[in-house]
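A.B. asks: The structure's right below; bear with me while I get my questions together.
Each reported figure results from applying straightforward, stated rules to the coordinates on display, with no laboratory input. None of these values were measured; they are calculated from a predicted model. Counting neighbours? That spans all protein chains shown, and the Cβs are built from the backbone with ideal geometry, glycine included.
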Amino acid sequence: MEEYKINENGNKRIDKYVCELDQHLTRTAVQRMIGEGNILVNGNSIKPSYVLNKGDIITVEEEMPAESYIKPQSIPLDTIYEDDDILVINKAKGMVVHPRERQ
């Protein structure tokens, strides 16, 4: 858990401010975290449009990655080229390369 105290005049939305604190988080991810209660201001739930004030304390609870339920499959692949750095495969039409998890 990380805590940040606003020492200067805020006048900035919480979602924008947290994105500036952690460049790895997108604004959409921050807004989702706010909705899930992982980001609080002064210990209270807020909306993503909340405008920060001097003295506010932001608490950011790190998200735990969701467990993956995707099972690997053994699929024969048509390898066109392979070396230590690259692999080129002739993918069959309709083959999913980035499966979406079902929840």
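A.B. asks: Return the distance in nm (one decimal) between the two label points of a simple spin-label model at Lys47 and Gln73, each offset 7 Å from Cα along Cα→Cβ.
C.D. replies: Once both label points are built, they end up 4.5 nm from each other.
A.B. asks: Binned at 10 Å from 0, what are the whole-percent values of the Cα-Cα distance distribution for the stretch 7-73, short to long?
C.D. replies: Reading the bins upward from 0: 20, 49, 18, 9, 4, 0.
A.B. asks: Rounded to the nearest Å, what's the spacing between the alpha carbon centres of the stretch 72-87 and the stretch 14-68? Just the number, please.
C.D. replies: What the calculation gives is 40 Å, centre to centre.
A.B. asks: Right, something else. Go through the stretch 71-82 residue by residue and turn each phi into a ³J(HN,Hα) via Karplus (6.51, -1.76, 1.60, θ = phi - 60°); whole Hz please, and just put x for glycine and proline.
C.D. replies: Whole-Hz 3J(HN,Hα) from phi for the stretch 71-82: 9, x, 10, 8, 10, x, 10, 8, 7, 8, 8, 8.
A.B. asks: Given only helices, namely DSSP H runs of n ≥ 4 each adding -39500 (n - 2.57), what is the per-residue ellipticity at 222 nm of the chain, to the nearest 500 deg cm²/dmol?
C.D. replies: Working: 2 runs with 17 residues, N = 103.
Counting only the DSSP helices, I get -4500 deg cm²/dmol.
A.B. asks: Could you run the Karplus curve 6.51 cos²θ - 1.76 cosθ + 1.60 with θ = phi - 60° over the stretch 54-64 and give me ³J(HN,Hα) per residue in whole Hz, x for Gly and Pro?
C.D. replies: Coupling constants for the stretch 54-64: 4, x, 4, 10, 9, 10, 10, 8, 5, 6, 8 Hz.
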